[in-house]
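The values are calculated or read from the model by the stated rules, or taken from the named source; none is laboratory data. The structure presented is a predicted model; accordingly, all values stated were derived computationally and were not measured. So basically every Cβ, Gly included, is an ideal-geometry build from the backbone, and we count neighbours across all protein chains shown.
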Amino acid sequence: MTSTTPVTSAGAPEVASAARAVRRGGPISPGRRRQQRRENVAAYGFLVPWLLGFFGLTVGPMAISLYLSFTRFNLFGDPRWIGFDNFVRMFTDDPNYVQSVTITLVYVLVGTPIKLAAALGIAMLLNYRDAGSGFFRSALYAPSLIGASVSVAIVWRAMFATDGPVDSGLSIFGIQLGGWVGNVDLVVPMLILLAVWQFGAPMVIFLAGLKQVPAELYEAAEVDGAGSWRRFRSVTLPMLSPVIFFNLLLETINAFQIFASAFIISNGTGGPGGQTNYYTVYLYERAFANQQLGYASAMAWVLLVVVAIIAFILFRTSRGWVYYGGDSR
Amino acid sequence: MTAVQTRAEASATPAPRAPRQPSHSARKRVATVIWFVVLFALTLLILYPLIWLVISTFKPSSEFGSNQGLLPNSPTIDNYIRVAEGIGGIPLWRFFTNSLVIAGLSVVGTLISSSMAAYAFARIRFRGSGALFAAMIGTLLLPFHVLIIPQYILFQRLDLIDTYVPLLIGKFLAVEAFFVFLMVQFIRGLPRELDEAARIDGAGHIRIFVSIIIPLIRPALITSAIFSFIWAWNDFLGPLLYITSPENYPLPVALRLYNDATSTSDYGATVAVSMLALVPILLFFIVFQRFLVAGVATQGLKG
């Protein structure tokens, strides 16, 4: 249990206090100081690849991309400074952008809660019994591994095509929807279903969390006369809240990054009616098909800010609903 | 494990209400049967797209428009034979080899660079460790969008387009913080007495890392190897951006070739290649599923 939470809470402070201890231990003796220097050299030696990657492939590119977002740039000329023009154009003069933001938000804000609810529900079902649940757990996890692949996008398109398995399955029940792929109203739900289909990874994390909830809590609640809904609300949910927080944060950020499935299903066009033109698909089109690298960089930074705001809100509100207590953890 | 069993029994045995005792084991058996049936149906539903894919590869192309059923009317392996010849003069094994090279080198790079960084973060007290560790965790949440454009410009200026360098260099530089974090967690769980004893015997950090830590973190290395293989194997955006000649394509981009060129005329070929592209992942999954599920459960790795 403790191993999932440090991302958010325990890890960094622990190291920070270690670092403080090092600093405090500084002015004792020259020998001690020499040894600390040797430790520093060793550490940075081990960190050489990571530092090169961090500055060369992460921090440096971020700075360049921030600069480019204020320019007009087509890869071959020199970037031309245009101030906030890209950002202004995005929100006032680019209906495709606004549409792309809208469908991406719908996809993230509708898809992620459904996916997590499915993951939690099925994790609780698996947790009902130990014997035999291992097979189901593994089988249900499999879609998470392959869900983002091109192969699955192709299969998904076939599943939801006109007269495909979903269409003919629904018409047995008298629901005549036709193909989902070319239908402006159904292509977003179809991709949300693809996201929900990959509930396996959060399910496995929830299941690990459920196994940590002490049985005494349920017994005590039952003695107090709590029904199954009350036990779920007052025992399961609070005890799982750190895991729910972790899953919510990661799955939300992941959902913003949908690319391969939308790109394959629409053959890179973003159609029908712009309904598969998710943020990343549109950014790819602007940057690499239209060579508008400045505009696309501005798009990337808007996304970064939005993701940062969402993460901030989640972290801030988590103090109110995430419960890190209990003697068992 | 035992906790769950006792809880299941506890909830099924409402102690104060004794009179119901006789029927209780029968009722429990019924509940178990229902549990199996529900989960089995659910699993079948979830795995249906994959079952459909496997069976469809044996449908002749002509049946894709006409036969809506799951089973082919006249099963054939023609799709596989046709697909093996490749597309546009490039044999299929070439795409497979390209994918294997990329995924294999990704595993090597990830294991070396991530384990080194993880050792420094987990075991050495050094100036700046707190800030750097926090920065590493921060990159876990960074959307890749702010990086792809400048990275593309960088690799284009260095004349590295249509090589595998842009796809691999990040792996050798521990850019995927997930793996560093996973290994840091694992190393922190090892008893410190081991390296302190080695240090008293005069071993330096390199020696401790190679002879003590590496052998002990094998489970974390295996988990990281499997995930980095699968992610590199599935990666689509990277090769789509950087690989321009078809003979260098890995499978996902090559699949797009089938998908674009033949989606109307040769559906059979498309599903057959889709299937073949998933085979290595599914094999990995079947062999290593314990490691994968344990890795996800303990570290909260994304799938």
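Apart from one condition, residue A:234 fits all of (1) of a type in the set (Ser, Thr, Tyr); (2) within 22 Å of the chain's Cα centre (by Cα); (3) surrounded by fewer than 17 Cβ atoms within 10 Å (Cβ to Cβ); the exception is (2).
Tell me whether the range A:114-121 contains one or more residues that are loosely packed, with under 14 Cβ neighbours inside 10 Å, more than 12 Å from every other protein chain (Cβ to nearest Cβ), part of a helix (DSSP H, G or I) and at pLDDT 95 or above.
Our first condition is that a residue be loosely packed, with under 14 Cβ neighbours inside 10 Å; within the range A:114-121, this holds for A:117, A:121.
Retained after the next criterion (residues that are more than 12 Å from every other protein chain (Cβ to nearest Cβ)): A:117.
Cutting the leftovers down to part of a helix (DSSP H, G or I) gives us A:117.
In the following step, the residues that additionally are at pLDDT 95 or above were identified as A:117.
Checked the range A:114-121: at least one residue is loosely packed, with under 14 Cβ neighbours inside 10 Å, more than 12 Å from every other protein chain (Cβ to nearest Cβ), part of a helix (DSSP H, G or I) and at pLDDT 95 or above.
Pairing each residue of the range B:118-129 that is without any contact (Cβ under 8 Å) to a residue 12 or more places away in the chain with any residue that is crowded, with 21+ Cβ neighbours inside 10 Å and not aromatic (Phe, Trp, Tyr), provided the two are 6+ apart or on different chains, yields C-beta distances under 6 Å for B:120/A:43; B:120/A:47; B:126/A:43; B:129/A:15. Scoring residue B:56 on the criteria (1) in contact (Cβ under 8 Å) with a residue 12 or more places away in the chain; (2) of a type outside the set (Val, Ile, Thr); (3) more than 9 Å from chain A (Cβ to nearest Cβ) leaves a single failure, condition (3).
All of (1) outside any helix (DSSP H, G or I); (2) within 25 Å of residue A:200 (Cα to Cα); (3) away from every other protein chain (no Cβ under 11 Å); (4) of a type outside the set (Lys, Arg) hold for residue A:257 with one exception: (3). Listed by position, the helices (runs of 4 or more DSSP H) contained in the range A:144-212 that have at least 3 residues being out of contact with any helix residue (DSSP H, G or I) (no Cβ under 7 Å at 6 or more places or on another chain) are A:165-172, A:187-197.
If I go through the range B:230-253 residue by residue, how many of them are more than 20 Å from the chain's Cα centre (by Cα) and assigned to a helix (DSSP H, G or I)? Qualifying residue count for the region: 5.
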